[in-house]
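Inspection log for the structure reproduced underneath, given as structure tokens.
Rule-based calculations on the coordinates, nothing more; no lab input. In this text, all values refer to a predicted model and were calculated from it rather than measured experimentally. Here the Cβ is made from the backbone with ideal geometry for all residues, glycine too, and neighbour counts use every protein chain on show.
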Amino acid sequence: MQRVYLDHNATTPLHPEVKKIIVNSLDVFGNPSSMHSLGREARKLVEEARGKVAHFIGADPEEVFFVGSGTEANNTVLSLVPCSPNKCHCPSARHEIITTAIEHPCILEASKCIRERGAEVKYLGVDKYGKVDSSQLEKFITNKTGLVSVMLANNEIGTIQDIKTLAKIAHKNDALFHTDAVQAVGKMPINVKDLDVDFLTISAHKLYGPKGVGALYVKKGVRFCPLIRGGHQEKGRRAGTENTLGIIAFGKAVELRKIEMTDETKRLLALKQILKQGLQKNIADITFNGHPEDCLPGTLNVSIDGVEGESVLLYLDLEGICVSTGSACASGSLDPSHVLLATGIPVERAHGSIRISLGRETTEKEIIYTIEKMAQVVKRVREISTAY
Amino acid sequence: MDWVYTDIVKDHFMNPRNVLKQGEEFVADGEGMVGNMKCGDQMMFKIKVDKIKNTLVDCRWKTYGCASAIASTSVLSEMVKGMTLDKAYLVSPKDVNKNLGGLPDHKIHCSVLGDKALRAAINDYYRKNGMEHKVQKEEAKVICQCMNVTDHEIEDAVLDGARTYVELQEKTKLGTVCGQCKDEAITLLEQYIAKHFSK
């Protein structure tokens with residue numbers, strides 16, 4: 001059976017060149033903290049990778065440190081705020097965080113936890129396209145706000161926020177600004193100096209690198225406090241022996257992104273257009289979610305009236321097509337996607353949503369096949385539906 | 001490659017039995033509709049009854065639901081054909097689940113609509129045929145007076161994953177004011193866990 005992978009926002013396959021470097025580096029076993037030759041060899045490779053990641057986002061190498069995942073990076077940043085500044089060197093005594101209703105669960109769950117520890121957390125809403133309103137941030141922000149955290153691009157609907165404007169508002173009020181850029185880095189040009197953010201989160205497996213490695217950018221001069229304590233790795237900002245192999249592969253992955261990203265963006269936008277038009281032509285009563293322009297090039301989120309998302313996902317899976325859904329049934333909870341609900345769409349449209357995310361290996365042939373199969377599956381599900 | 005659920009679920013999901021086809025003439029003696037689209041699932045069940053033998057001779061269904069809802073209702077529709085109405089009335093989600101070869105715990109709540117819709121259809125038949133006395137009302141009973149939480153809501157919370165009194169409180173807010181309902185709530189909690197999840 002033909003397999004069509006259209007779930008690149010969940011994770012990406014390894015780039016063949018990344019795979020090659022992993023295989024070739026399997027014998028690099030030295031501990032980068034060791035002083036002897038084997039340690040120094042590993043250290044050199046880790047620092048080379050750091051340089052590549054830093055360069056890719058316009059940062060200095062000493063501003064980038066490696067972590068175990070995007071989730072860890074986000075938890076690290078959120079853990080800064082409720083800390084007492086005289087106990088460790090945390091940013092400020094400001095015990096208030098502002099984030100958004102559409103963040104990834106790792107931000108939402110971490111924020112819930114710090115609220116229980118006494119911090120005040122406010123959630124910005126979004127408009128029907130999933131955009132944060134900067135004037136709401138101006139209203140929410142106070143002289144108690146220590147941190148504002150807004151994701152750069154949304155994983156479910158692809159909407160891209162105006163981070164520069166939001167960061168400016170945070171800084172005007174002496175608050176720090178973090179952006180979870182896990183979905184954005186590798187899909188669009190990112191420059192931390194231009195965005196003027198204090199913290200930025202990256203994950204390797206979203207950009208054709210391996211799982212289990214990410215990076216956190218911390219702007220020079222911003223006071224910082226580690227989440228994971230122990231040895232002096234990563235300049236004391238993240239204890240634990242470095243994931244050398246993962247870091248080397250991560251470095252290679254961003255290096256390749258730098259070469260491939262621009263052309264790929266054009267290609268994906270064209271493919272998405274074919275997909276969008278094809279679905280519109282072949283399936284009645286569908287609506288697209290997310291911002292029509294300020295959206296990740298390969299992300300398309302569609303709500304299909306009268307169908308429940310999990311059944312569509314599983315029928316497509318039987319045809320070899322891998323997508324995801326915002327339906328409650330696929331999440332293990334009773335509520336559908338919090339992102340789609342935050343955009344104000346009716347609950348049943350969230351249950352009937354399918355996210356299709358394209359990537360570097362996606363072909364036009366696959367898109368045509370997907371349109372054809374989706375039309376068949378939707379017809380089939382609608383035939384047994386009480387709601388269509 | 002293993003499928004996400006059992007092979008029986010897969011079979012029924014791929015080829016659901018007794019679905020009411022579009023344009024199909026099916027003169028029903030009883031009809032029930034439960035659930036709603038806002039919760040993500042809705043189920044319609046139609047039955048044909050042999051009025052002398054009081055048996056369910058044929059049925060059709062439709063759903064707005066996930067794979068587990070589709071498969072469980074398909075299996076149910078095969079199970080109940082030929083049953084007396086009294087017997088069909090007593091078919092539980094657990095019976096359905098057994099015939100499916102088991103669903104993961106978090107999908108059980110997707111499989112409880114089929115039998116509910118079936119009972120609604122049987123009740124509809126009873127009402128239409130002067131057997132009102134046989135209709136068993138599934139009325140909710142308030143357990144927590146302070147927060148107005150019913151036994152049905154406790155059952156829903158169990159289906160949604162509550163296994164301890166604290167989890168039940170988190171999901172329903174029950175027992176968070178005077179706390180007098182605690183013992184009764186724990187008894188019900190244990191009953192519903194046994195009803196849906198004991199192996």
Next item on the list: Filter segment B:59-107 down to residues that are assigned to a helix (DSSP H, G or I), of a type in the set (Val, Ile, Thr) and at the interface with another protein chain (Cβ under 10 Å from one of its Cβ atoms), then give me how many there are.
Entry: 2
Checklist line | Hey, B:GLN42 outside any helix (DSSP H, G or I), at the interface with chain A (Cβ under 10 Å from one of its Cβ atoms), touching a Ser or Thr at 6+ places or on another chain (Cβ under 7 Å) and not basic (Lys, Arg) or not | finding: yes
Next item on the list: Go over the candidates A:SER311, A:SER327 one by one and state the one that is within 14 Å of chain B (Cβ to nearest Cβ), touching an Asp or Glu at 6+ places or on another chain (Cβ under 9 Å) and of a type in the set (Ser, Thr, Tyr).
Entry: A:SER327
Margin query: Please count how many residues of segment A:344-386 are farther than 30 Å from A:PRO13 by Cβ and not small (Gly, Ala, Ser).
Written below: 10
Next item on the list: Within segment A:322-352, track down each residue that is surrounded by fewer than 24 Cβ atoms within 10 Å (Cβ to Cβ), of a type outside the set (Gly, Ala, Ser) and over 16 Å from A:ILE157 (Cα atoms).
Entry: A:CYS322, A:LEU334, A:ASP335, A:GLU348
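Do you know which of the residues in segment A:365-388 that are touching a helix residue (DSSP H, G or I) at 6+ places or on another chain (Cβ under 6 Å) and more than 14 Å from chain B (Cβ to nearest Cβ) is nearest to A:LEU207 (Cα to Cα)?
A:ILE367
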Check: Before we move on, is B:ARG17 more than 10 Å from chain A (Cβ to nearest Cβ) and not in a loop (DSSP other than H, G, I, E, B)?
Finding: no
Note to self: So, B:LYS53, is that one part of a loop (DSSP other than H, G, I, E, B), surrounded by fewer than 16 Cβ atoms within 10 Å (Cβ to Cβ), within 11 Å of chain A (Cβ to nearest Cβ) and over 17 Å from the mean Cα position of the chain (by Cα) or not?
What the structure shows: no
Note to self: Tell me whether segment A:197-204 contains one or more residues that are free of Cβ contacts under 8 Å to residues at least 60 places away in the same chain, within 20 Å of the chain's Cα centre (by Cα) and not in a helix (DSSP H, G or I).
What the structure shows: yes
Next item on the list: Of the conditions (1) in contact with a helix residue (DSSP H, G or I) (Cβ under 7 Å, 6 or more places away or on another chain); (2) closer than 20 Å to B:SER72 by Cβ, B:ALA162 clears all except one; give me its number.
Entry: (2)
Item checked: Residue count, segment B:14-47 (criterion: surrounded by fewer than 23 Cβ atoms within 10 Å (Cβ to Cβ) and touching a His at 6+ places or on another chain (Cβ under 9 Å)) -> 3
